Amino acid sequence: MKRPGSDLPRDAARLSQGDLAGLIGYRLRRAQQELFRDFAASIPDLSPGRAGLLMLIEANPGVTQSRLAQAMALDRSTMVGVLDALESRGWLERRKGSDRRTNGLWLTRAGRVTLARVKRRIADHEMRVTARLSSAERERLLVLLGKLCPE
């Protein structure tokens, strides 16, 4: 799919950003759009959010659905549907928790294999989208973003 204005000369497609250029939210949103476009082209079978969920489950085996929803800032009903989809692909399994009211989440073997492949593609994506940053700039950007969105 062509991006709007992509058939125009580069200067003709640009508009003055005016006050938008100085707004952090605007710049973050534009950066996110570019990053998500590249991610979708690189990893068409998995959204960034679902990849993030798999990575959190890998890093926190047995994490509860509720805790995962909280970490991802999703409501629990949304989380159930997403986890159902990942489970139907054979990438994760729910196991009864210690108190019978909770389910712990674990990656299956297929989930670990898929995630390893996806992480290699994410590494390539990260290199591509940060190619104009030095490694010090990349690290500084991570620190600054962490200050905007503390855990």
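Miscellaneous remarks
- Selection status of S42, out of contact with any strand residue (DSSP E or B) (no Cβ under 6 Å at 6 or more places or on another chain), under 29 Å from R128 (Cα atoms), hydroxyl-bearing (S, T, Y) and at pLDDT below 95: yes
- Among residues of the stretch 65-88 that are in contact (Cβ under 8 Å) with a residue 60 or more places away in the chain, none has a Cβ under 8 angstrom from a residue that is among the basic types (K, R) and in a helix (DSSP H, G or I) at a sequence gap of 6+ or on a separate chain.
Residue-by-condition table, conditions (1) among the β-branched types (V, I, T); (2) buried (at least 16 other Cβ atoms within 10 Å of the Cβ); (3) over 21 Å from the mean Cα position of the chain (by Cα):
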| residue | (1), (2), (3) |
| --- | --- |
| L68 | no, yes, no |
| A71 | no, no, no |
| R76 | no, no, no |
| A85 | no, no, no |
| R89 | no, no, no |
| L92 | no, yes, no |
| S98 | no, no, yes |
| N103 | no, yes, yes |
| R109 | no, no, yes |
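- When each of R95, R101 is tested for being among the basic types (K, R), at pLDDT 90 or above and on the phi < 0 side of the Ramachandran plot, the lone residue that passes is R95.
- Against the list (1) of a type in the set (A, V, I, L, M); (2) loosely packed, with under 14 Cβ neighbours inside 10 Å; (3) at pLDDT 90 or above, the condition M1 fails is (3).
- Qualifying residue in the stretch 87-107 (condition: assigned to a helix (DSSP H, G or I), in contact with a helix residue (DSSP H, G or I) (Cβ under 8 Å, 6 or more places away or on another chain) and more than 30 Å from G25 (Cβ to Cβ)): no
The values are calculated or read from the model by the stated rules, or taken from the named source; none is laboratory data. A quick note: this is a predicted structure, and the numbers were derived from the prediction, not measured. Cβ sites come from the backbone with ideal geometry, for glycine too, and all protein chains shown count toward neighbours.
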